[in-house]
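Engineer: This is the structure I want to talk about, given as structure tokens.
The values are calculated or read from the model by the stated rules, or taken from the named source; none is laboratory data. Quantities reported herein were computed from a predicted structural model and do not represent experimental measurements. With ideal geometry, Cβ positions are generated from the backbone for all residues, glycine too; neighbour counts draw on all protein chains shown. Areas reflect the complete protein model, heavy atoms only, side chains present, ligands, DNA and RNA absent. Shrake-Rupley method; radii C 1.70, N 1.55, O 1.52, S 1.80 Å.
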Number of protein chains: 2
Amino acid sequence: MAPSDPLTQIDPVVRPTIADQVFDALYARVLSLDLPPLTKLSEAEVARQMGVSRQPVRDAFYRLSKLGFLIIQPQRATTVSQISARDVSRARFIRSTIEIRIVRRASGGLADDDIAALERILSDQLGALEADERARFHRLDDAFHQRICEAADLGFAWDVIRETRAHTDRVRYLSLGTGSRRAYEDHRRILDSIIARDADGAERALDDHLAQIDKIVAGLRARNPTWFSEEE
Amino acid sequence: MAPSDPLTQIDPVVRPTIADQVFDALYARVLSLDLPPLTKLSEAEVARQMGVSRQPVRDAFYRLSKLGFLIIQPQRATTVSQISARDVSRARFIRSTIEIRIVRRASGGLADDDIAALERILSDQLGALEADERARFHRLDDAFHQRICEAADLGFAWDVIRETRAHTDRVRYLSLGTGSRRAYEDHRRILDSIIARDADGAERALDDHLAQIDKIVAGLRARNPTWFSEEE
DNA sequence: CTTCACAAACTGGTATGTTAGTATATCAGG
DNA sequence: CCTGATATACTAACATACCAGTTTGTGAAG
């Protein structure tokens, strides 16, 4: 074989394990509050219901506990965590801190095709908003923020943001339609500021945008107090 | 019992599991490069050597892989990861972004006892520097940064920083004495700026301080190329 | 010496048995 | 009814066994 062509290194990580599948299934059910906070889960019981052994369930439990979705109490029980207003607030602090720096950098000037892609996401989002397609709206919301990260050549930052986001995701899921119009307008304002290369404006718009989550939490908490942990 | 004293809720998480111990042991050995990059580890082999079953070893492996210390390739091997200059740089970006915001807030004014505590850490650090006690110097380095977080009432941020720090920790360990004097002086400058309520000065001092890591990586890489992964 | 089929020795993922700690049901004594 | 000891039924942590892939050693063919 000619050494001129080094071929391409193949990535041997393709097979989704059973543990992955259990994780995904539980993640979706916790996120959607199909498994509401304080629900007790048992490795053995989940394994039985899913028709697998306890081992992959255990792996999945552990991963979910790392995300803050499950609380594992050895020899006692594993329960779906309550939503902590404090943790949501902290996650927002971390996220906004990182993302503000990113939009400021983006405000230094973006490539035309990045701006075009962001515009496309925004118009799609407007479509989703008017059609009341909430799941699609949220997907596009993420896509918008992610695209900004990538455009600023800081794509890895999105991975960090996503991890801190687990706490807030259930809140977002709960909020569903509420505040969508506002969210869309916030995005519009952020992009406009970036295009105008107005870093301060972009920062303000983004900070306002992310600050909404705390208000949403307060509203939800009033209606579903048992889903939230009560720390001062 | 008088209801006037609600006692204190006990936290049922006190027992360090075997998995924890395996994790700690491996963490220390990877960090110290006692297990250098590209070392192959086997669940079975480690379990045998430590006299435990594969199960807790497996848990520990998974945690270490999440930190980026191990690369698990199913059915193939688990190896100690190489140090990625790119990942170190990215971790620094995340860290400096968060920590800059923190020192800026701290520059808004700190309580007297916080400043006193920071001064004490600094003088201890000077002592460690002159006595060439490197491990203690590094511990105090962390303590300094952590204390600033706590003083700014953002103690949780330190937990986030610590997680992103795994990538950089091996580099720090390798660097040992080099740059300690410089690090101490950076700390001095940061604290002085905070005391003077000079947010911009504190930001500059911190950013310079954290930027050192990239220089250190370059130097180490030249001497130990096999420990580093070569991406572009 | 090189090539290559193939067996043997690995790997981590999965299944299941065992152990020790915890919560709860039960019931005797008041 | 209440109290408190104790048996029972849980729990997750840990140990062991097996599986399906992958790598590697080996030796015959060329």
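Engineer: For B:Ile83, work out the one condition from (1) among the β-branched types (Val, Ile, Thr); (2) closer than 17 Å to B:Ala166 by Cα; (3) within 14 Å of DNA strand C (Cβ to nearest atom) it doesn't fulfil.
Structural biologist: Here B:Ile83 clears every test but (3).
Yes/no matrix, rows are residues, columns are (1) crowded, with 20+ Cβ neighbours inside 10 Å; (2) hydrophobic (A, V, I, L, M, F, W, C):
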residue: A:Thr168; (1), (2): yes, no
residue: A:Val171; (1), (2): yes, yes
residue: A:Gly179; (1), (2): no, no
residue: A:Arg182; (1), (2): no, no
residue: A:Arg188; (1), (2): no, no
residue: A:Glu203; (1), (2): no, no
residue: A:Gly219; (1), (2): no, no
residue: A:Asn224; (1), (2): no, no
residue: A:Glu231; (1), (2): no, no
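Engineer: Among residues belonging to region A:49-79 that are more than 9 Å from DNA strand D (Cβ to nearest atom) and open to solvent by 70 Å² or more (accessible area, probe 1.4 Å), point out the one that is nearest to the other protein chains (Cβ to nearest Cβ).
Structural biologist: A:Lys66
Engineer: Of the conditions (1) within 29 Å of A:Gly155 (Cβ to Cβ); (2) of a type outside the set (Asp, Glu); (3) more than 11 Å from every other protein chain (Cβ to nearest Cβ), A:Arg90 satisfies every one except a single condition; which number is it?
Structural biologist: Evaluating A:Arg90 over (1) within 29 Å of A:Gly155 (Cβ to Cβ); (2) of a type outside the set (Asp, Glu); (3) more than 11 Å from every other protein chain (Cβ to nearest Cβ) leaves (3) as the failure.
Engineer: In region A:31-39, is there at least one residue being open to solvent by 60 Å² or more (accessible area, probe 1.4 Å) and touching a strand residue (DSSP E or B) at 6+ places or on another chain (Cβ under 8 Å)? Quick ask: steps written out before the conclusion?
Structural biologist: First pass over region A:31-39, keeping only residues open to solvent by 60 Å² or more (accessible area, probe 1.4 Å): A:34, A:38.
If we keep only those that are touching a strand residue (DSSP E or B) at 6+ places or on another chain (Cβ under 8 Å) too, we end up with A:38.
Taking every residue of region A:31-39 in turn, at least one turns out to be open to solvent by 60 Å² or more (accessible area, probe 1.4 Å) and touching a strand residue (DSSP E or B) at 6+ places or on another chain (Cβ under 8 Å).
Engineer: Would you say A:Asp141 is of a type in the set (Asp, Glu), modelled with pLDDT of 90 or more, part of a helix (DSSP H, G or I) and open to solvent by less than 30 Å² (accessible area, probe 1.4 Å)? First the steps, then the outcome.
Structural biologist: Numbers: of a type in the set (Asp, Glu): yes; modelled with pLDDT of 90 or more: yes; part of a helix (DSSP H, G or I): yes; open to solvent by less than 30 Å² (accessible area, probe 1.4 Å): yes.
Considered against the rule, which asks whether it is of a type in the set (Asp, Glu), modelled with pLDDT of 90 or more, part of a helix (DSSP H, G or I) and open to solvent by less than 30 Å² (accessible area, probe 1.4 Å), A:Asp141 comes out as yes.
Engineer: Any chance region A:97-109 includes a residue that's more than 14 Å from every other protein chain (Cβ to nearest Cβ), away from DNA strand C (no atom under 16 Å from the Cβ) and open to solvent by 10 Å² or more (accessible area, probe 1.4 Å)?
Structural biologist: yes
Engineer: OK, next. Which of (1) at pLDDT 95 or above; (2) within 16 Å of DNA strand D (Cβ to nearest atom) is the odd one out, the single condition A:Val103 does not satisfy?
Structural biologist: All conditions pass for A:Val103, except number (2).
Engineer: Suppose the filter is within 17 Å of B:Arg165 (Cβ to Cβ) and not assigned by TED's automatic domain parsing to the domain that holds B:Thr164; does B:Leu67 pass it? Before the answer, list the steps.
Structural biologist: Details: within 17 Å of B:Arg165 (Cβ to Cβ): yes; not assigned by TED's automatic domain parsing to the domain that holds B:Thr164: yes.
For B:Leu67, the condition - within 17 Å of B:Arg165 (Cβ to Cβ) and not assigned by TED's automatic domain parsing to the domain that holds B:Thr164 - is met.
Engineer: Would you check if A:Leu110 is within 21 Å of the chain's Cα centre (by Cα) and closer than 30 Å to A:Arg204 by Cβ?
Structural biologist: Details: within 21 Å of the chain's Cα centre (by Cα): no; closer than 30 Å to A:Arg204 by Cβ: yes.
So A:Leu110 fails the test.
Engineer: Related question: Here is a check on your reading of the model: is B:Glu130 open to solvent by 60 Å² or more (accessible area, probe 1.4 Å), within 14 Å of chain A (Cβ to nearest Cβ) and charged (D, E, K, R)? Explain how you work it out, then say what you get.
Structural biologist: Numbers: open to solvent by 60 Å² or more (accessible area, probe 1.4 Å): yes; within 14 Å of chain A (Cβ to nearest Cβ): no; charged (D, E, K, R): yes.
For B:Glu130, the condition - open to solvent by 60 Å² or more (accessible area, probe 1.4 Å), within 14 Å of chain A (Cβ to nearest Cβ) and charged (D, E, K, R) - is not met.
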